[in-house]
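Step one of this worksheet: look at the structure below.
The values are calculated or read from the model by the stated rules, or taken from the named source; none is laboratory data. Everything numeric here is computed off the predicted structure, so don't read it as measured data. Virtual Cβ from ideal backbone geometry, glycine too; neighbours counted across all protein chains shown.
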Amino acid sequence: MKLKELGELGLIQRLYEFQGKGLKAGIGEDCAVFSMGELDLLVTTDLMVEGVHFLKELTPPEALGYKLLAVNLSDLASCGALPLFYVIGLVSNTEEDWEYIEGVYRGLYKLSNLYGVGLAGGDLSRGERMMLSLTIIGKAEKDTWIPRSGAKVGQRVFVSGTLGGSALGLMELKNGLKEGPFVKRHLYPPIRLELGQCLAKRKLASAMIDLSDGFLQDLERLVAASGVGAEIELQALPLEEGFIRRCEQMGLDPLKVALSGGEDYELLFTVEEEKKEEVFRLGEELKIKLSEVGRIIPQGLRILQNGRPLEIPQKLGYDHFRWENPFT
């Protein structure tokens with residue numbers, strides 16, 4: 001069977017038999033988790049491949065370094081963990097300018113200093129196109145981290161920030177725009193580490209995932225891991241007025257971009273009904289918009305508009321093996 005027939009999820013499901021023993025969490029979670037005495041250590045890794053995740057002519061080197069670390073920090077945020085250090089692998093051709101490589105590492109360095117996470121080493125190799133792989137190690141107090149698999153029927157679905165801005169920014173970049181709020185959102189995604197840690201420490205979220213491949217796709221992953229379903233109210237989705245106007249100017253459907261666009265790196269999480277007000281207060285405390293967008297149901301994925309069900313889009317989000325190249 002070809003990978004394009006399996007898809008990303010199908011491939012992941014076939015890898016479970018190779019998973020190591022003794023993990024608290026592994027394949028299918030945002031981070032692998034294993035016990036270290038009174039602490040749990042969390043490990044996650046991400047790849048960025050030229051032509052798949054970025055084009056050099058559209059991506060300043062410091063932005064590439066920033067984003068590479070940011071997306072890994074986002075995985076730790078979705079588990080409520082604290083970052084410790086990271087290692088990085090770099091593949092590049094021999095004609096690459098040192099200045100571009102230096103810029104990538106400066107972007108990494110600046111962001112890592114903000115969060116007290118240091119570069120601990122890595123590897124280098126030659127290849128036809130640039131590829132970066134970053135693995136980050138984090139920690140949490142024993143059994144306080146948040147999995148994808150803890151959602152229960154009746155709980156409320158929350159999301160941080162606003163949706164769709166990164167995907168819109170990528171489209172603007174492809175159309176020749178080099179700056180603006182949505183371009184910035186795509187190149188420099190938000191980092192919700194403090195929010196994730198507070199949700200974990202205060203025991204507010206039962207399940208959580210970061211939005212990397214699209215709101216609907218990542219929601220489906222969360223409910224699948226939890227063995228439940230979800231019902232989402234379109235009117236509750238956090239969309240900026242400027243985002244809606246810009247989508248309309250470009251002939252785009254704002255809801256489609258918000259639901260399936262990907263790379264928002266916001267946190268999607270579930271909360272018990274009686275904890276909702278505390279979650280809203282946390283948002284005010286951290287000055288982060290937190291929106292209640294739906295509820296957990298026994299099974300299925302439903303989208304409602306003014307209480308009426310809508311058809312679910314065929315394409316929920318980004319799939320590495322059933323993909324349309326975002327840079328074409």
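From ALA81, ALA151, grab the single residue that is closer than 30 Å to LEU39 by Cβ, modelled with pLDDT of 95 or more, outside the structural domain of LEU39 (by TED's automatic domain parsing) and surrounded by 19 or more Cβ atoms within 10 Å (Cβ to Cβ).
It is ALA151.
Could you list, in sequence order, the residues of segment 260-270 that are on the phi < 0 side of the Ramachandran plot and surrounded by 24 or more Cβ atoms within 10 Å (Cβ to Cβ)?
GLY261, ASP264, GLU266, LEU267, LEU268, PHE269, THR270
Kindly indicate whether LYS21 is charged (D, E, K, R), surrounded by 14 or more Cβ atoms within 10 Å (Cβ to Cβ) and over 19 Å from the mean Cα position of the chain (by Cα).
Spelling it out, it is not the case that LYS21 is charged (D, E, K, R), surrounded by 14 or more Cβ atoms within 10 Å (Cβ to Cβ) and over 19 Å from the mean Cα position of the chain (by Cα).
So is GLU29 within 18 Å of SER212 (Cβ to Cβ) and either buried (at least 17 other Cβ atoms within 10 Å of the Cβ) or free of Cβ contacts under 8 Å to residues at least 12 places away in the same chain (or both) or not?
In short, yes.
Filter segment 150-167 down to residues that are under 16 Å from the mean Cα position of the chain (by Cα) and either in a loop (DSSP other than H, G, I, E, B) or among the aliphatic types (A, V, I, L, M) (or both), then give me how many there are.
Residues meeting the conditions: 6.
For segment 217-259, give me the residue count where each residue is crowded, with 21+ Cβ neighbours inside 10 Å, of a type in the set (A, V, I, L, M) and assigned to a helix (DSSP H, G or I).
Total meeting the criteria: 6.
Conditions (1) under 21 Å from the mean Cα position of the chain (by Cα); (2) of a type outside the set (Gly, Ala, Ser), marked per residue:
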site: GLU62; (1), (2): yes, yes
site: ALA70; (1), (2): yes, no
site: TYR100; (1), (2): no, yes
site: LEU111; (1), (2): yes, yes
